[in-house]
Each structure stands twice: as structure tokens, then as C-alpha cells.
């Protein structure tokens, strides 16, 4: 008995949808492309569904060319090696599937180490005891005198005991620790460094350039790269696997009160604002108007309603806002 042949119209839509997703991933899309894609998706329910499917396949099969990788040197290198371009919709179904399989093989190593858009846990995050999803925050009372707040997309491994070895490992994301009355030092390990206190409140966050530790109250010790430093209220320090930076004074009011469900920005570059919104919002926001990337943004946005923040940004910079299936928003 012969298997039923695939609907050629459906196959053609899939190829065209794959072409649109590759266009977005190439970083060469412009506002006119956004308008054309929106019209294409609105042609029929089948078109919109094809785009959602292609977007999902792209995220799974080509993590080295994810939509978020514009500022990631490693992803940029891999993307450049592939020389992505918008294909013409004349590929055979066999060739398209063969290409997808090849992309899956070449991209799987990157996917395990650095999942695209944090769509699934990395190999490191799989050993986490506690994880938060997109937009999710959790508060934990680890001891009568220690409270932990996990921000969105964060992973921690618990270190058993309430003695001198008590603490957590921050595998990814951001955490706030209140140990102002701890009986023993409470330690947060991240990368190849540590931060601890018995009488302080502090935050630790993974960033693209390493780990950032901020002292909110009391006194916090930080050790990395064979050195140690003391932080006092309103001081911050960064470190990576090689070195510990120098403590610097900050304006605490400039920190986002994410524990209160608010994102706050003060003269922050638009690209950084978009990147921060993407941490909390399902889907993806892509800034096509790159010339505006360094423009400063100031404001307070409610995490539960970040689409309203996008509307305000659109109006502020007079951008075109294009909403696509899968929670994708193009600003250009």
C-alpha cells in the first residue's frame, strides 16, 4: 500500500515559511520585509500556521542561527560561516528536509551548551534543583534567616546544610539573597567565583561578559581569580573566569525593581532594553532599526504587561511595529 503523497500546496508553504524565518535569522530583514511577512501570514490560516511551524523547526534545528544571536560573537561566527540568505521557494521537499537534518547535526553541540532563546535547559541547567521559566519569579525561604528570590529564566543548585557550607550555585539567570541575620555565611557560587555574607542583602546575575554582584545592604565578600574584595551598600563588582574587577559605586535607584514586578530603565541603550524585555516576555522582539540601537530609554514598565512597553517604545522612536505568529514582534 502506497503512502499518501504530501499536499504540494502545503509543501510549498513550508518552503516559503522556512525562507522567511531564514531571512529574519540572517539579520538582514528591514521594515519593508516585516510588512511583507505580515501580509504573507495574514493570507490564510495555513500561511500563519506554516510560519509558526517553520519558526519552531528553526529554533530546534538551527540553534547556531537563532533570532537572538545578533550580539553573540560565537553565534555570529557560525551564522557567517553558513552565509545565510533568503532561499527561493523552488527547493524540493527532499532537499529541504536534508538541509534541515544537516543543520540539526551541525547545531546540536551549540544547542546543548547554549540553547537558543533559553527554549530548553542547557546541559548545566539540567542539574538544577530549581528553575524559573519565562516571566516567572519565585521566592524561597531556605532557612529562618535566609530568603532567596529567583528572577526569570534562572537556575540554581542547592547546597545542603545550614552551617558554613550552606548556599547555592547560580547556574544561570539572576538571584537576590537576603541573609541579613544569617547565623552562618550564606554563599552564592557562580562560574569560578563566590559571594557570601552573614549580614547583608545582595544580588548575583549572569551576564554575557561574566558575573555581576551588587551589594544592597550590609557587607558582602566576593572572591574570584585568586583575589577577594569587600562590597558595601550601593557597590557593585564584576568577575569572569580569569579576574575579579574593582568595586564601583552605583545608584541603587537605577536598579530594576524586578522583585516588585517592574523593569526600570534610566538612559539605557534601546538594544539593551529590548534584550531585557526578551528575558521576561514569551516569543521574541527583534529591533530592525539598528541605527537607533544606542538611543537612550528611560521609564518603568510592568513585567506582566510588556507589550504595552513595546507600544511606548514604538511611539517614542516612531517605529513600525509588526506582530507575527509565535509572539514575534518586529520593530523597524
Which one of 308, 312 is free of Cβ contacts under 8 Å to residues at least 40 places away in the same chain, outside the structural domain of residue 46 (by TED's automatic domain parsing) and more than 21 Å from the chain's Cα centre (by Cα)?
312
Considering residues of the stretch 220-268 that are surrounded by fewer than 16 Cβ atoms within 10 Å (Cβ to Cβ) and touching a helix residue (DSSP H, G or I) at 6+ places or on another chain (Cβ under 8 Å) only, the residue farthest from residue 178 (Cα to Cα)
266
Six or more apart or on different chains, Cβ under 7 Å: which pairs go from a residue in the stretch 242-260 that's farther than 18 Å from residue 225 by Cα to one that's assigned to a loop (DSSP other than H, G, I, E, B) and at pLDDT 90 or above? Could you list them?
249/234; 250/234; 252/234; 258/151
Please verify whether residue 300 is without any contact (Cβ under 8 Å) to a residue 60 or more places away in the chain, outside the structural domain of residue 134 (by TED's automatic domain parsing), out of contact with any helix residue (DSSP H, G or I) (no Cβ under 6 Å at 6 or more places or on another chain) and farther than 23 Å from residue 38 by Cβ, treating the condition exactly as stated.
yes
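The values are calculated or read from the model by the stated rules, or taken from the named source; none is laboratory data. As the structure is a prediction and not an experimental result, all values here were calculated from the model. Here Cβ is always computed from backbone atoms with ideal geometry, including for glycine, and neighbour counts include all displayed protein chains.
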